[in-house]
Structure formats: structure tokens, C-alpha cells
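The next block holds one structure in the form of C-alpha cells; read it before the comments.
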Amino acid sequence: MNNAAIIGAYNPAIEYKDRLTVRALILNEKNEVLIINDGLLPGGGVEEHDEDIISALHRECLEEVGMTISKIKELGTVIQYRDLIHRKYIIQG
């Protein structure tokens with residue numbers, strides 16, 4: 001994850017629990033971006049029972065916006081530290 005963007009600051013006093021998540025940048029025919037839930041991209045957590053990121057992306061888009069997706073292309077990774085809940089989100093776009 002050498003090219004990951006970082007949100008928040010790592011606090012060495014906190015034992016973070018990693019949470020792998022996915023987000024989708026969904027465009028319509030006018031190249032408008034679908035935004036939900038107060039400015040977020042559709043997505044969510046990868047299930048810990050051996051779900052891969054592509055399956056999670058399909059599932060989350062269907063659950064959150066009722067859409068099936070195609071033309072999947074990796075956008076990058078964002079690391080987000082959430083000190084209050086001791087989580088380190090590893091977000092795959």
C-alpha cells in the first residue's frame with residue numbers, strides 16, 4: 001500500500017483493528033457520480049468469511065443502491081484511522 005492516501009493520523013498508543021472495506025465510484029451516462037449517505041460513495045465492509053473485494057463490491061452496490069455493476073477498475077487505496085473506535089479502515093476503491 002505504498003500509494004495509499006491517509007486520512008487521520010496513526011496513534012501508536014492505540015491498538016487499531018483492521019477493517020477491509022470497498023467503495024464504488026459509479027458514473028452515469030453524463031459522468032455524474034452517485035453519492036449516498038451524506039457524501040459517501042456506495043460501499044462497505046468486506047465480510048471476514050473469505051469474501052474477496054470484488055464480491056464485496058458487487059454485494060454492497062446491490063444492498064445500498066440496488067444496482068449491479070460492471071466495468072470494474074481499481075482506483076486506489078485509502079487508509080483511514082478512527083481513534084474513537086480503534087479502527088484502521090483499509091478502503092479499496
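None of the figures in this text is laboratory data; all of them are computed from the coordinates on show. For clarity, every value in this text was computed on a predicted model and none was experimentally measured. Counting neighbours? That spans all protein chains shown, and the Cβs are built from the backbone with ideal geometry, glycine included.
A compact table of results
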quantity: Scan of region 54-93 for residues that are of a type in the set (Gly, Ala, Ser), in contact (Cβ under 8 Å) with a residue 24 or more places away in the chain and surrounded by 13 or more Cβ atoms within 10 Å (Cβ to Cβ), ordered by number; calculated: 56, 93
quantity: In region 1-40, residue surrounded by the most Cβ atoms within 10 Å (Cβ to Cβ) [restricted to those that are among the β-branched types (Val, Ile, Thr) and farther than 15 Å from residue 89 by Cα]; calculated: 26
